[in-house]
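Okay, structure first, notes after.
Coordinate-derived values only; no laboratory data. Everything numeric in this text was worked out from a predicted model, so none of it was measured. With ideal geometry, Cβ positions are generated from the backbone for all residues, glycine too; neighbour counts draw on all protein chains shown.
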Amino acid sequence: MKAIRTFLTAGAFAVALGAGSAWAQANDVTIGQRGENNGAGVAQTGRANDARIVQVGNDHLATMRQNGARNRGFIRQYGRGSTAALTQNGDDNRGAIIQFGNNQNAELVQNGRSDVAIVQTPEGTREMSTNNILLRPILRGVR
């Protein structure tokens, strides 16, 4: 069964798209937004994919595309005016973009069995494994 959970506050929008039979795919989308003028969109093809987007602050934009099976994607944005795009092609990808601060921009493309997290803070950008112990509290539930 396909589950789509969306939590919105005033001035925000979210879109989740899935292709094919919802019963056979078992894809999951969760979008949570707090603030104004935030936008989030998810497109999924394949099966057993999980997409989660959390936006806190204003003027954020997040997009995620999952094409394949058993992909796990996670975007968290805090602050103002950040943009994130996560694309997962193939199977068994785990990817995360986490943005703290203002006007951050990140794009992550994965092409099968990839395990990458991009963390952006006002101090700079770091790339690491989603298994990194420092990310475990932030990525809880994405495994």
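Among the residues of the range 32-80, how many are basic (Lys, Arg) and within 21 Å of Ser129 (Cα to Cα)? So that I can check it myself, show each step before the final result.
Taking the range 32-80 first, the residues basic (Lys, Arg) are 34, 47, 52, 65, 70, 72, 76, 80.
Filter once more, so that each one left must be within 21 Å of Ser129 (Cα to Cα): 52, 65, 70, 72, 76.
Adding up the residues that qualify gives 5.
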Anything in the range 89-123 that is farther than 18 Å from Gly46 by Cβ and among the β-branched types (Val, Ile, Thr)? List them, or say none. Ile97, Ile98, Val116, Ile118, Val119, Thr121
With criteria (1) surrounded by fewer than 16 Cβ atoms within 10 Å (Cβ to Cβ); (2) under 19 Å from Asp28 (Cβ atoms); (3) polar (S, T, N, Q), Asn105 comes up short on (2)
Residues of the range 21-76 being hydroxyl-bearing (Ser, Thr, Tyr) and in contact with a Gly (Cβ under 8 Å, 6 or more places away or on another chain), which ones? Thr45, Thr63
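Each row is one residue, and each column tells you yes or no for (1) surrounded by fewer than 21 Cβ atoms within 10 Å (Cβ to Cβ); (2) in a strand (DSSP E or B); (3) within 12 Å of the chain's Cα centre (by Cα).
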| residue | (1), (2), (3) |
| --- | --- |
| Gln33 | no, yes, no |
| Glu36 | yes, no, no |
| Ala43 | yes, yes, yes |
| Arg52 | no, yes, yes |
| Ala62 | no, yes, yes |
| Gln77 | no, yes, yes |
| Asp92 | yes, no, no |
| Ile118 | yes, yes, yes |
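Those residues that are in a strand (DSSP E or B) and surrounded by fewer than 24 Cβ atoms within 10 Å (Cβ to Cβ), I need them from the range 64-75; list them, please.
Within the range 64-75, Arg65, Asn67, Gly68, Ala69, Arg72 qualify.
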